[in-house]
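My questions will all concern the structure given below.
Each reported figure results from applying straightforward, stated rules to the coordinates on display, with no laboratory input. Computed from a predicted model, the values in this text were never measured in an experiment. In this analysis, Cβ positions are derived from the backbone assuming ideal geometry, glycine residues included, and neighbour counts consider all displayed protein chains.
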Amino acid sequence: MSGRIPQHFIDDLIARADIVEVLGRRIQLKKAGREFKAVCPFHDEKTPSFTVSPAKGFYHCFGCGAHGTALGFLMDYDHMSFVDAVESLAGMIGIEVPHEEGQRPAQRFDELFELTQKVERHFQHELRDNDKAVAYLKQRGIDGATAQRFGIGYAAAGWSRVLDKFGTSAEMIERLLAVGLIIRKDNGKHYDRFRDRIMFPIRDSRGRCIGFGGRVLGNDEPKYLNSPETVLFHKGRELYGLYEARQALRHIDRLVVVEGYMDVVGLARNGIDFAVATLGTATTNDHLQRLFRLTDYVIFCFDGDRAGRDAAWRALQNTLPLIEEGRQVRFVFLPDKQDPDSFVRENGTAAFEQALQEGVALSDYLVRELSSGVDLASVDGRARLAELARPLLRLVPAGVYRELLLQTLAESVGLSAFKLEALLTAGSEGKDNKMRGKAARHTHRATRMTGVGKPSVLRRAITLLLHYPQAAQDLDVEKLADLQRPGAGLLRDLIENVQAEPGITTAGILERWRHHADGQHLSKLATIEVPFDEEFDAAAELAECLQQLARVAARERIDFLIGKERLDNLSVDEKAELRALGNNPVKPHIAMD
Ligand SMILES: [Zn+2]
């Protein structure tokens, strides 16, 4: 996170530095309870509103809002760069900052990119030398030009082809590990991650290889294997084929999201140059933001099977928060047993284009899915539709599009948009089996769910964790696995970080996130006043937040499963899961704030 200086060194530095000593050398501090006060050095004031908390390693001025860690203070007060501040703080404590040698090489991005590029070329050479692999690509309809355009290669069978060729020194082995090309065994020995696979280089927006996807030639498992998360490669953000699409097209007027790299390559081979694929993950918010930065027209094209329909529903849920006027989103469902690659090979480019044209608009897809299996002639049926729609519509930002969606939905329900809106916002039932029960009895004792699952609980959890990192020691992060909303990932990361580093302070966390997109946000939250008296039980409070969020996650899961149930689409496991969730109804509860 800190570029050239290893993160563990920053962790250590922040843990050892005494913020009172660092600041006390520059400004006059006065003890006030467990904190220290001073006249703020960053704004003009007579009464001190500048507070330093040694426990948190954090300062904050209530007058002007200045805040930060010891490192941040040196940067702001002495106008130092980050690296200089690290040097200076290390100097005060009397420790040396690790440089060039040591940890640095594995962290240097240019060197890592150089390595991935070399390995990419190596895989391409291996492909040329391997008749079996070439025959496989031919049989899949991939010609030489397309293979070249996507840099397709082959990782030969054997356990150490890449290791032997590139792992020529301890340093090079570290780099291979850093980019995920080799795996370290418990005994400290290494072996190649990709063996006997067709290799697809995954590129960043500048065309640099950040990772690989590997597909088996036969029917071995796993069929697809991707590079793990590394400093270069973040699955939830990258889209396979995006760089190639941008190279091929001067102007991108639409993008098709498909499921696999073979789909992207197969479509490109047939003249569809605007396909991209997610890499073994659902379509995330990050993906969608990247797509919408390039075009206002996104088409999801999934396989006609059950997994494909699941993926589409997930994609819809993740798209709703980003939907706005001017953006067009469609869903294309191919016939059963078909994927985009096989479809275009069998039916040709024109037929695929046609399928795209006939895709279902997002609003229609949403309404169609929600109203299927609901008896709209009955009051109960309409109420049930409103219940199903509520969690989804809540995701759509207020605006023209939301109004339109509401209108479409209202029409199919036979209510005025106004009445529907009232139904949607009224109370929530459906925290128990009723919601999906055949005898969906109507909802009189509507229980309020206000505040639950809103960012506020998440925000409170993150704030508490920042102020009382130790309170997160016993939390079960697994409980949040299904939670989808913005900030959930950050909370999970925070909990994992804090649990891995039990002594970490507020400042330690902030320094870990200094170079991260959420860093600013976190440091703002660190300035929020939370009770700091003896009685306050942060761990209990935090556990309660987590409990609430877990319930929200369970509800989202139920909604998702119900969505599938209506498509008659539940696996045996999922049926059992839904039953289990239904038997342990998610109980109503009181909002926190
Ligand atoms: Zn101030």
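Quickly work out the Asp364-to-Thr47 label distance, labels modelled 7 Å from Cα along the C-beta direction, and quote it in nm with one decimal.
Here the modelled spin labels are 6.6 nm apart.
Taking θ = phi - 60°, what integer Hz values does the Karplus form 6.51 cos²θ - 1.76 cosθ + 1.60 yield along the range 52-67, in sequence order, with x for Gly and Pro?
After applying 6.51 cos²θ - 1.76 cosθ + 1.60, I find 10, 10, x, 5, 8, x, 9, 10, 7, 9, 6, x, 10, x, 4, 7 Hz.
So, one more: Are there DSSP H segments in the chain that both extend 30 Å or more along their axis (alpha-carbon positions) and score a mean Kyte-Doolittle hydropathy of at least -1.0? List them, or say none.
Values: long enough: 538-566 (42 Å, -0.02).
Membrane-span-like by this criterion, though nothing is claimed about a membrane: 538-566.
If packing is taken as the average number of other Cβ atoms within 10 Å across a peptide's residues, how do 43-52, 365-374 rank, most packed first?
Details: 43-52: 15.4, 365-374: 18.7.
Listed from highest to lowest mean packing, they are 365-374, 43-52.
Sticking with this one: Quote the charge dipole size of the chain about the Cα centre in Debye, to the nearest 20; the model charges only the Cβ of Lys and Arg (+1) and of Asp and Glu (-1). Could you put the intermediate results ahead of the total?
On the way: 79 positive and 85 negative charges, 188 e Å.
With Lys and Arg at +1 and Asp and Glu at -1, about 900 debye.
Just the number: Rg to Rh for the chain, Cα atoms, Kirkwood Rh, two decimals. List each step's numbers first, then the result.
Working: Rg = 27.3 Å, Rh = 27.2 Å.
Across the chain, the Cα-based Rg/Rh ratio is 1.00.
Residue farthest toward the positive end of the dipole of the chain, with Cβ of Lys/Arg at +1 and Asp/Glu at -1: which of Ala554, Leu420, Val179?
Highest projection toward the positive end goes to Leu420.
Separate question: Please work out the FRET efficiency for the pair Glu111 and Ala135, using the Cβ-Cβ distance as r and a Förster radius of 41 Å; give the result to the nearest 0.05.
FRET efficiency, Glu111 to Ala135: 0.70.
Mind ordering 574-580, 539-545, 456-462 by average Cβ neighbours within 10 Å, highest first?
Working: 574-580: 13.7, 539-545: 18.0, 456-462: 21.1.
Peptide ranking by packing, descending: 456-462, 539-545, 574-580.
I want the local charge near Leu510. Using Cβ-Cβ distances under 12 Å, sum +1 for each Lys or Arg and -1 for each Asp or Glu among the other residues. Walk me through the numbers on the way to the answer.
Working: positive: Lys56, Arg512, Arg514, Lys524; negative: Asp11, Glu511, Asp518.
For residues surrounding Leu510, the net value is +1.
What is the gain in length, in nm to one decimal, between Arg184 and Lys30 on full extension, counting 0.36 nm per residue of separation less the C-alpha to C-alpha distance? Present the calculation step by step, with values, prior to reporting the outcome.
On the way: separation 154, 0.36 × 154 = 55.44 nm, distance 5.18 nm.
50.3 nm is the gain from fully extending Arg184 to Lys30.
Taking 7 Å along the Cα-to-C-beta vector as the label spot, tell me the Ala377-Ala248 distance in nanometres, rounded to one decimal.
Reported label-point gap for Ala377 and Ala248 is 5.0 nm.
Okay, helix-only estimate at 222 nm for the chain: each DSSP H run of n ≥ 4 adds -39500 (n - 2.57), divide by all residues, round to 500 deg cm²/dmol; what do you get?
Working: 25 runs with 277 residues, N = 593.
Calculated from helices alone, the mean residue ellipticity at 222 nm is -14000 deg cm²/dmol.
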